[in-house]
Amino acid sequence: MIPERLVNLVVLVGLLAVPLWALAMDEPFTITLATRAVIFALAAVGLNIALGFGGLVSLGHAVFFGLGGYAMGILAHHAQTYTPVAEWPFLIEGTKSMPVIWLVAMCVSALAALVIGLLSLRTTGVYFIMITLAFGQMFYYFAISWAEYGGEDGLSIYVRNDFPGLNTLVPIQFFGLCFALLCAALLFSAFLARSPFGLALNAARQVPQRVETVGLNPMRLKLVAFVISGVITGLAGALFADLNRFVSPTMFSWQMSGEIIIFIILGGVARLFGPVVGAVLFVTLEHFLGGLSEYWHIYLGALLLVIVLFARGGVIGLLAGRARLHD
């Protein structure tokens, strides 16, 4: 078996090398594909905290992805139309500053995750899955009916937002920004898994009764993990909307939630770089197989079936063995 740290290092170097090669070969579309993979990986890193560490199978995580996207879309839309977002009880203006948009996206996602988590965590198992799915569908249909911001047609942003010192319209610079945020999220995830909170969360996932006997509240631990997970996924949603310069209700769809879960399963549940490997594999298959057939999901389904049946640790588990990040 290959040491997992070596696998992680190869994945990280490879993810950075591809856009640098594309830059040298003057292939900006490849850089955009790599950026898309990085953003999807960031969203999956967020869900992996809830799913991999807390055992929370959320089929509504697209709520936070969509909220992040719409936070970007609404603020940028009002900035480019020179109209305020709201005037009562105090004036809120639009902005094209990425740091401000990220902060708003993360705060909105945190608040939504807190409310959804408080209600959903009163249940377990399939009931938890169905409640998170229900919240996702609620936000999806609300976005469709929100005519002020495009409704079913979505909302276009004409110019990518700004980050101090960078020209975000240059593909390699925007990739570097997204890559840096992914690295920060991975470092945070690794620290969280080995922290006292992460160890307690892992114990609450396995034997919640024993956690209660030492005075800890399993539901509170899972709620904090759920909120952190929502914040990271919301940040990914804001980046995804900026990448496409477009937001639509599909960001809230259950298919998006399912795809984020697929990223984690493909790479390896509770593996630090599992979401990264899964996202890269998904985007690669989407690009190459999607050009061959519109039914490319059949091949993805077959690959997912093989991994679930014969490599339950995902691609990283297949290469590096059974040990997981929180073990």
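See the values below:
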{"item": "Qualifying positions in the stretch 92-110 - farther than 21 Å from Gly165 by Cβ, over 16 Å from the mean Cα position of the chain (by Cα) and either among the small types (Gly, Ala, Ser) or open to solvent by less than 40 Å² (accessible area, probe 1.4 Å) (or both)", "result": "Gly94"}
{"item": "The stretch 114-146 - residue that is within 18 Å of Pro218 (Cβ to Cβ) and more than 21 Å from the chain's Cα centre (by Cα) and, of those, surrounded by the fewest Cβ atoms within 10 Å (Cβ to Cβ)", "result": "Gly125"}
{"item": "Counted residues, the stretch 257-295 - those being over 28 Å from Arg194 (Cα atoms), among the hydrophobic types (A, V, I, L, M, F, W, C) and open to solvent by 20 Å² or more (accessible area, probe 1.4 Å)", "result": "4"}
{"item": "Every residue from the stretch 296-316 that is more than 14 Å from Gly278 (Cα to Cα) and either among the small types (Gly, Ala, Ser) or crowded, with 16+ Cβ neighbours inside 10 Å (or both)", "result": "Trp296, Ala302"}
{"item": "Scan of the stretch 154-165 for residues that are in contact with a helix residue (DSSP H, G or I) (Cβ under 8 Å, 6 or more places away or on another chain) and either in a loop (DSSP other than H, G, I, E, B) or open to solvent by less than 60 Å² (accessible area, probe 1.4 Å) (or both), ordered by number", "result": "Gly154, Leu155, Ile157, Tyr158, Val159, Arg160, Asn161, Phe163, Pro164"}
{"item": "Evaluation of Met106 against (1) touching a residue at least 40 places away in the same chain (Cβ under 8 Å); (2) at positive phi (one fails), failing number", "result": "(2)"}
{"item": "Test: residue in the stretch 197-216 that is of a type in the set (Gly, Ala, Ser), at pLDDT 95 or above, within 15 Å of Leu56 (Cβ to Cβ) and within 20 Å of the chain's Cα centre (by Cα)", "result": "no"}
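Okay, residues lined up against (1) over 22 Å from Ala279 (Cβ atoms); (2) of a type outside the set (Phe, Trp, Tyr):
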{"residue": "Ala41", "(1), (2)": "no, yes"}
{"residue": "Phe53", "(1), (2)": "no, no"}
{"residue": "Leu56", "(1), (2)": "no, yes"}
{"residue": "Leu67", "(1), (2)": "no, yes"}
{"residue": "Met72", "(1), (2)": "no, yes"}
{"residue": "Ala76", "(1), (2)": "yes, yes"}
{"residue": "Gln80", "(1), (2)": "yes, yes"}
{"residue": "Val108", "(1), (2)": "yes, yes"}
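The values are calculated or read from the model by the stated rules, or taken from the named source; none is laboratory data. Computed from a predicted structure; not experimentally measured. We place every Cβ from the backbone using ideal geometry, glycine too, and count neighbours over all the protein chains shown. Protein only, heavy atoms only, side chains kept; ligands, DNA and RNA dropped before computing areas. Shrake-Rupley method; radii C 1.70, N 1.55, O 1.52, S 1.80 Å.
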